[in-house]
Every structure is written in structure tokens, then in C-alpha cells.
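The values are calculated or read from the model by the stated rules, or taken from the named source; none is laboratory data. A quick note: this is a predicted structure, and the numbers were derived from the prediction, not measured. Every residue, glycine among them, receives a Cβ derived from its backbone with ideal geometry; neighbour counts consider all protein chains shown. For the accessible areas, the whole protein counts, side chains as well, though only heavy atoms, and no ligand, DNA or RNA atoms are used. Shrake-Rupley method; radii C 1.70, N 1.55, O 1.52, S 1.80 Å.
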Amino acid sequence: MELLIGKSLQELRNWATENNLERYRADQIYQWVYKKWEDNPWNMTNIPKDLRKWLSENAKFHTLERVEKVEAPDSAKYLFKTEDGHLVETVLIREKDHWTLCVSTQIGCNVGCKFCATAKDGLIRNLTTAEILDQLLWVQKDIKELPKPWNKVRNIVFMGMGEPLANYTNLKKAVEILIDQRGIDISKRRLTISSSGILYQLRKMAQDPLLRSVNLAISLNAPNREIREEIMPITQSNPFDELWKFLVNYPLPEGRKITLEYVLIKDINDSEKCAHQLARLVKPHRKRFKVNLIPFNPSPILPYERPEEERIFKFQKILLNHSIIATIRWSKGQKVLGACGQLRAKRKIPLIG
Ligand code: SAH
Ligand code: SF4
């Protein structure tokens with residue numbers, strides 16, 4: 001069986017040629033898979049019956065298995081299983097007038113942030129391009145009958161499990177397929193790569209015309225070196241000041257901003273002093289940054305707590321008073337879905353073991 005997803009149009013054409021199919025058959029399949037979200041060759045009506053039969057016996061249209069979907073009023077969490085038995089999480093988030101999909105790029109993560117459930121496993125492996133895209137394909141299949149605009153994911157954030165830039169090659173190929181106008185055709189402006197800030201990977205991204213053209217979010221999470229080193233040990237080898245200098249000079253496309261993500265953790269980085277320090281840092285460059293405050297999602301396996309609501313609003317207000325764009329991302333459906341990485345942690349033993 002040949003896995004057809006994860007292939008670029010050119011690769012699909014090569015595959016068609018190798019199998020004595022006409023080239024335009026590859027184009028038709030590409031459209032069925034990436035435009036009509038079809039995973040059953042028997043429904044590919046412009047393809048002759050004998051070829052449909054051949055495809056059903058020789059081609060695969062998914063690599064992930066859909067295991068579970070947990071729904072909340074404004075979001076849904078999907079759990080998938082890879083062919084080698086690992087679990088992958090994807091979250092669909094309802095915004096005011098569109099869906100945003102939060103996609104995973106690795107199984108586990110070796111960056112080791114102290115507040116993150118994904119870090120607990122270390123890195124198991126990178127996801128393949130097909131596994132990155134299949135998260136979208138399954139979700140699209142699920143929502144494609146809904147009325148417009150709810151029948152199509154509009155925004156994708158690489159903010160699920162893993163460090164996207166540590167899986168550079170597979171991520172880049174996924175982005176190439178996502179933005180291909182002959183297929184999925186998502187605008188570059190609607191893709192966001194979220195990174196913990198590993199400098200050599202960020203420098204690579206800054207020099208890459210393709211990845212540089214999608215949005216960048218950085219998990220800053222602290223207003224200074226001391227606090228960042230405490231909760232994000234990678235700061236020791238990626239110094240705070242150097243990261244900041246890099247961000248201030250990053251070659252931003254016209255009209256874009258870098259998002260600074262800041263997980264607010266009780267008594268760690270949520271004080272008024274921290275807010276003022278962050279404001280002082282950002283203010284001189286406020287046209288190139290926006291701050292996204294993320295109240296910490298508690299989990300039994302993590303040693304921190306979420307600040308009181310009042311404190312979260314106070315932190316935001318200090319930034320706003322300095323004319324800095326600052327939003328709060330209340331994690332949607334938190335009661336049903338649990339914290340980042342938690343659903344997977346809960347199901348890990350029964351599913352794999
Ligand atoms: N590795 C990338 C992307 C995945 S993490 C990165 O770190 O940016 C996505 C976001 O979730 C990051 O901003 C991270 O700081 C945040 N996050 C991780 N654990 C969290 C938790 N327990 N509560 C709230 N946000 C969390
Ligand atoms: Fe990895 Fe991001 Fe979690 Fe840090 S916050 S451990 S970089 S997934």
C-alpha cells in the first residue's frame with residue numbers, strides 16, 4: 001500500500017507515472033484529497049471504476065487512526081494513534097467567525113519547559129509530513145458538511161505537542177503543501193509557527209523565504225533571564241538577551257507582528273513587577289510585537305498553579321496602559337478538555353500498553 005497523503009503534487013505525479021497512470025490522474029487525486037477532503041477512492045467519481053478499485057487495493061489516504069474526540073461548546077480535541085502506536089493530539093478551536101486548528105509536530109518534546117505536560121515524556125520522535133497533514137485531513141472530513149464558514153479550517157497554529165522548528169524538514173514540507181493553491185490553499189498569513197526560541201533554528205527560519213513568510217510566535221513566558229531560566233532551562237544555552245535582540249531584528253513581512261506568548265503562572269511570573277518589566281522591554285518595539293497571555297493550565301503532573309483572574313486582568317492592564325497589544329487566551333472548554341497534553345497523558349497506558 002502506498003501512502004498518498006504527505007506527497008506534493010509533483011511526487012504524486014511521479015508516483016502515477018511509475019504505476020503507468022496518466023499524469024492528470026495524480027492531479028485529480030490531489031484535488032479529491034486536499035480540496036474535497038475525500039478519503040475513499042470509491043467516491044472519486046471522475047476516476048474510472050477499475051482505477052478506483054486499484055486505488056482501494058494499492059493506496060492509503062490516512063496514516064493516523066482516529067481514536068477519540070472530546071467536544072466542548074467552543075472546541076474539540078481529537079486524539080489520533082500513529083501506525084507505531086503513539087498518540088497525537090489536535091485541537092479545533094471556535095473563534096468568532098472561523099475555526100483555528102492547533103496541530104502537533106512531534107511526539108513528546110525535548111525542550112523541557114517546567115510548566116508543560118508534553119515535556120514529561122521527552123522526545124519520542126518527529127511526526128512525518130503525512131502525520132502533520134493528516135491531523136487537518138481528519139478534522140476537515142469531520143466538519144466538511146457544516147454550513148459555511150464552519151466547513152473549513154481557516155487558521156492553523158503549530159502549537160500542539162512538540163517544538164515545530166526541531167522538526168524543520170517535515171514541517172517545511174507540510175507548509176508547502178498547506179499553501180499550495182492547487183490543493184489545500186491556506187494563506188501564509190493564516191499559518192503560525194510557535195517556537196520556544198532555540199536560536200540556531202530561529203536563524204534558519206529567518207533565512208528561509210518560505211518559513212519566514214508565515215507568522216512567528218515565541219513562547220517568551222518571562223520578562224527577564226532569571227525567571228526564564230527557571231521555567232525554561234533552554235535559556236541557559238539560548239540567552240534571553242540574545243533571543244530578544246534576534247526578535248527585535250527579525251525580518252518581518254510587511255504589516256505582520258511577532259506574537260509573544262506568555263504563560264501566566266501563579267507566583268512565578270505573574271506579578272505587577274513582571275508586567276512592568278515586560279512592558280519596558282516591549283514598549284520601544286511595540287509595533288512589531290503583540291502579547292498573548294495564556295493562563296497556566298494546571299495538571300496533576302505539573303508543580304504550578306493558575307493565577308487568580310483578577311491578577312491576570314491586572315497584568316494585561318499594565319501592558320495595555322503602555323499601548324502594547326495584549327490579549328488573554330482563556331483556554332477553551334478547559335473543564336472538558338483538560339490542560340495541554342493532558343488527554344494524551346490520561347489515555348497513554350490503556351491505549352499503548
Ligand atoms: N513548542 C512550541 C509549541 C508548542 S507549546 C512552543 O513552546 O512554543 C504551545 C504553547 O503552549 C506555548 O506557548 C507554551 O508556552 C504553552 N503551554 C505549555 N504548557 C502549558 C500549560 N500547562 N498551560 C498553558 N500553556 C502552556
Ligand atoms: Fe516543548 Fe513547547 Fe512544551 Fe516547551 S512548551 S516543552 S517547547 S512543547
Could you grab the relative contact order for the stretch 1-94? Cα pairs under 8 Å, six or more apart, rounded to a whole percent. 21
Structure-based [θ]222 nm, the chain - -39500 (n - 2.57) summed over DSSP H runs of at least 4, per residue, nearest 500: -10500 deg cm²/dmol
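Could the peptides 53-60, 318-325 be put in order, highest first, of the mean number of other beta-carbon atoms found within 10 Å of their residues?
Top of the packing list down: 318-325, 53-60.
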The chain - percent of accessible surface contributed by carbon and sulfur, probe 1.4 Å: 48
Under 8 Å for C-alpha pairs, at least 6 residues apart: give me the relative contact order for the chain, rounded to a whole percent. 14
Per-residue HN-Hα couplings for the stretch 221-227, Karplus 6.51 cos²θ - 1.76 cosθ + 1.60 at θ = phi - 60°, whole Hz, x for Gly and Pro? 6, 7, x, 7, 4, 4, 5
Within the P(r) computed for the stretch 199-301, what percentage of the Cα pairs occupies the region above 21 Å? 36
Gained length - residue 254 relative to residue 189, 0.36 nm times residue gap less alpha-carbon distance: 22.3 nm
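At 1.4 Å probe size, with every protein chain present, just tell me what the per residue accessible area of the stretch 44-182 comes to in Å². Each step should come with its number before you reach the end.
Details: 5600 Å² over 139 residues.
Ligands and nucleic acids excluded, the figure is 40 Å² per residue.
With the cut-off at 26 Å, tell me which of the pairs 266/290; 148/172; 53/152 have Cα atoms farther apart than that.
Values: 266/290 22 Å; 148/172 29 Å; 53/152 29 Å.
The pairs that break the limit, which is 26 Å between Cα atoms, are 148/172; 53/152.
Using 1/(1 + (r/R0)^6) with R0 = 30 angstrom and r between the beta carbons of residue 267 and residue 83, what's the FRET efficiency to the nearest 0.05?
Values: r = 43 Å, r/R0 = 1.44.
The pair residue 267/residue 83 has a calculated efficiency of 0.10.
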Label-point separation in nm, residue 308 to residue 200, each point 7 Å along Cα→Cβ: 4.6
Net dipole in debye of the chain [+1 Lys, Arg Cβ; -1 Asp, Glu Cβ; about Cα centre; nearest 20]: 940
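Work out how much length residue 2 to residue 56 would gain on full extension: take 0.36 nm times their residue separation and subtract the Cα-Cα distance, in nm to one decimal. Present the calculation step by step, with values, prior to reporting the outcome.
On the way: separation 54, 0.36 × 54 = 19.44 nm, distance 1.05 nm.
Extra length available between residue 2 and residue 56 comes to 18.4 nm.
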Evaluate the relative contact order of the stretch 175-307 (contact order divided by residue number), counting alpha-carbon pairs under 8 angstrom at least 6 apart; express in whole percent. 22
In order through the stretch 59-65: 3J(HN,Hα) via Karplus (6.51 cos²θ - 1.76 cosθ + 1.60), integer Hz, x for Gly, Pro: 10, 10, 10, 9, 10, 8, 9
Provide the gained length on full extension for the span residue 207 to residue 236, in nm with one decimal, where the gain is 0.36 nm per separating residue minus the Cα-Cα distance. 8.0 nm
Quick one: Debye curve from the alpha-carbon atoms of the chain only, equal weights, vacuum; give me log10 I(q)/I(0) at q = 0.06, 0.08, 0.12 Å⁻¹ to two decimals. -0.23, -0.41, -0.89
5 Å is the cut-off here: which amide hydrogens, built 1.01 Å from N in the peptide plane, fall below it relative to residue 330, excluding neighbours closer than 5 in sequence? none
Between residue 95 and residue 285, what FRET efficiency comes out of the Förster formula 1/(1 + (r/R0)^6) with R0 = 25 Å and r the beta carbon distance, rounded to 0.05? 0.40
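Which peptide among 124-137, 238-251 comes first, and what is the full order, when sorted by highest mean count of other Cβ atoms within 10 Å? Kindly include the intermediate steps, with their values, before the conclusion.
Working: 124-137: 22.9, 238-251: 15.2.
The most tightly packed comes first, giving 124-137, 238-251.
Which entries of 204/257; 77/317; 96/141; 81/257 have Cα-Cα distances beyond 26 Å here? The partial results should precede the final answer.
Values: 204/257 19 Å; 77/317 31 Å; 96/141 21 Å; 81/257 35 Å.
Beyond 26 Å between Cα atoms: 77/317; 81/257.
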Quick one: which residues, 5+ away or cross-chain, put their amide H under 5 Å from the amide H of residue 258? H built at 1.01 Å from N. 289, 290
